[in-house]
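Have a look at the structure below, then the notes.
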Amino acid sequence: MVIVADLEAGIGTLTRLEDESVDATVVVVEPTPRSIDIAARAIAVADERKQGRVIVAANKVADADDERRLQAAFPDHSLLIVPADPVIDRADRDGLSPVDVDPISPAVSAIESLAEVLLT
Amino acid sequence: MSGSQETRLKVAFTGKGGSGKSSIAGTFARLLARTDQPVLALDSDPLPGMPYALGIPVEDEPTPDDVVVEGPAGGHRWVLRPGLDAASFIDRYATICPDGVRYLQFGNLWGHISSLQRAQYAWSQVVRELDPDAWNLVGDLPGGTRQAMFGWAKYADTVLIVVEPTVKSMHVGRRLRNLADADWAPEHLAVVANKIADPDDVRRIEERVGLPVIGVVPADPAVLTADRAAGAPLDVAGGPFVESLHALVDSVQASYAGTR
């Protein structure tokens, strides 16, 4: 069985998990200095608590500059790029799953590849 | 009411994570300070947000542990050390920001919240004991409902829920409406509608949350530009966001003038 947990924003829940609770931690980061700062704190906690492999999912990436900035911030991690995608905004607005709005949109496709990364 | 001493605003911003609370709270604080009002920005989020909106660097440990000593049996676990009171604490440890805003935080985490325990006790005591006539208070709570429902915004008589036009954000806003039934219910509980691109979104938010909308903040690419540049929206660009925040300051000040 695969268990997927969506933790509270920030690092509070992560700091309260027992060590080695999960096989992998996906840290979602946006291309802003504030988000990068908080993601760095989450990675530090996940590493310290041995919460499996850490995968950095770079979300809302609009262009190559965003990607470069994020890669520079996390040089020890290969990034899983989730592009900025109006399908996600539409799904959020309407309370729908992005998969149901457009299963082959760029962001949904990227998240599908995240699943593949996690299962390998 | 520029420069008036009779009314001090006590405002806290809450809402779902990512709704734009910190950007709005920080900008609100600075614009209020520009009306010659003394403003103390209160940050109870253990992760950095408000400093970016205020235009100051992130500082993880703004107060040394020795600002507190063990409290008396049956009282608070940590209390300000002898010789240090709320006024002198603010004078010494509240960061001076652009436009003269003073910024009081307990710090930012790299691990478990226990590392900030002493600083949190100090922050809470200062907020409880500060002279309410000396400062306008503008608070920024962490995303979600927890802190607000546990009374972290007791200092505020106006709590503003920042809501964007997404189902999740409106859902959190609806839950925060329960603050009206808490022992520490604020005198005024209202919504700031953020990231508005379609006027109909304001009606949706008002209906779904069930509270009046006191301010409408348009979707403004300048805020994203500021976010990417780690700059305060006020320093990076003018535009619709800043204009709407001017209007929000006016609306909140008017609500005080009208009822208090």
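Of B:MET170, B:MET50, A:MET1, B:MET149, the sequence from fewest to most neighbouring Cβ atoms within 10 angstrom is A:MET1, B:MET149, B:MET170, B:MET50.
What does the convex hull of the Cα atoms come to per residue for the protein assembly as shown, in Å³? Present the calculation step by step, with values, prior to reporting the outcome.
On the way: hull volume 59.1 nm³, N = 380.
So the per-residue hull volume is 156 Å³.
When the helices of chain B are scored as -39500 (n - 2.57) per DSSP H run of n ≥ 4 and the total is divided over every residue, the value at 222 nm lands at -11000 deg cm²/dmol.
With contributions of -39500 (n - 2.57) from each DSSP H run of at least four residues, the per-residue ellipticity at 222 nm computed over chain A stands at -14000 deg cm²/dmol. Seen from A:ARG69, the other residues with C-beta closer than 14 Å to its C-beta sum to a net charge of -3, counting Lys and Arg as +1 and Asp and Glu as -1.
So what is the relative contact order for chain A, in percent, with contacts set as C-alpha pairs under 8 Å and at least six apart?
Values: 147 pairs, mean separation 23.5, N = 120.
Contact order relative to length: 20 percent.
Annotation: amide H-H contacts under 5 Å for B:VAL162 (H modelled 1.01 Å from N, sequence separation of 5 or more, or interchain): B:THR14, B:GLY15, B:VAL192.
As a quick test, which of the pairs A:LYS50/B:LYS154; A:LYS60/B:LYS195; A:LYS50/B:LYS21; A:LYS60/B:LYS154; B:LYS16/B:LYS154 have an alpha carbon distance above 26 angstrom in this structure? Working shown, then result.
Values: A:LYS50/B:LYS154 38 Å; A:LYS60/B:LYS195 16 Å; A:LYS50/B:LYS21 32 Å; A:LYS60/B:LYS154 36 Å; B:LYS16/B:LYS154 19 Å.
Where the Cα-Cα span goes over 26 Å, the pairs concerned are A:LYS50/B:LYS154; A:LYS50/B:LYS21; A:LYS60/B:LYS154.
In plain terms, the residue of B:PHE150, B:PHE13, B:PHE89, B:PHE106 with the fewest other Cβ atoms within 10 Å comes first and the most crowded comes last, giving B:PHE150, B:PHE89, B:PHE106, B:PHE13. Counting every C-alpha pair in chain B, the share spaced more than 23 angstrom apart comes to 49%. Residues whose amide H falls under 5 Å from that of A:VAL54, counting only those 5 or more places apart or on a different chain, are A:THR25, with hydrogens built in the peptide plane. If you take all other residues with their beta carbon under 10 Å from the beta carbon of B:ASP198, and give Lys and Arg +1 and Asp and Glu -1, the sum is +1.
Where both bridge residues fall in the protein assembly as shown, DSSP classifies roughly 15% of the beta bridges as antiparallel.
Paramagnetic label reach from B:ILE96 (point 7 Å along Cα→Cβ; backbone nitrogen cut-off under 12 Å): within segment B:116-148, no residues.
The residues A:ASP102, A:ASP47, A:ASP19, when put in order of fewest to most other Cβ atoms within 10 Å, stand as A:ASP19, A:ASP47, A:ASP102.
Averaging 1/r across all pairs of distinct Cα atoms in segment A:15-120 and inverting the result yields a Kirkwood radius of 14.6 Å.
Bridges between two residues of segment B:10-259, per DSSP, are antiparallel at a rate of about 20%. Distance between the pseudo-spin-label points of B:PHE150 and A:LYS50 (7 Å out from Cα toward the beta carbon): 2.9 nm. Extending 7 Å from Cα along the Cβ direction at A:SER78 and again at B:ARG81 yields two label points whose distance is 5.2 nm. Using the Karplus relation 6.51 cos²θ - 1.76 cosθ + 1.60 with θ = phi - 60°, the per-residue 3J(HN,Hα) values for segment A:92-102 come to 4, 4, 9, x, 10, 6, x, 4, 7, 6, 7 Hz, with x marking Gly and Pro.
Quick check: residue separation of B:ALA229 and B:ASP133 times 0.36 nm, minus the Cα distance between them. What number comes out in nm? Walk me through the numbers on the way to the answer.
Numbers: separation 96, 0.36 × 96 = 34.56 nm, distance 3.63 nm.
Extra length available between B:ALA229 and B:ASP133 comes to 30.9 nm.
Between A:ASP100 and A:ALA64, how high is the FRET efficiency from 1/(1 + (r/R0)^6) when r is the Cβ-Cβ distance and R₀ = 41 Å? Nearest 0.05.
On the way: r = 30 Å, r/R0 = 0.74.
Step by step, r from the Cβ atoms, then E = 0.85.
3J(HN,Hα) along segment A:33-46: x, 5, 5, 4, 4, 5, 5, 4, 5, 5, 5, 4, 5, 4 Hz, from the Karplus curve 6.51 cos²θ - 1.76 cosθ + 1.60 with θ = phi - 60°, whole Hz, x for Gly and Pro.
Projecting label points 7 angstrom from Cα along Cα→Cβ for B:SER115 and B:GLU206 puts them 4.6 nm apart.
Just counting partner chain Cβ atoms within 10 Å, what average do the residues of peptide A:8-21 show around their Cβ? Let's see the in-between values first.
Working: counts 5, 7, 9, 7, 8, 0, 2, 7, 2, 0, 0, 0, 0, 0.
For this peptide, the per-residue mean of nearby foreign Cβ atoms is 3.
Coordinate-derived values only; no laboratory data. The structure displayed is predicted, hence computed values, not measured ones. Methodologically, a virtual Cβ is constructed for each residue, glycine included, from the backbone with ideal geometry; neighbour enumeration extends over all protein chains shown.
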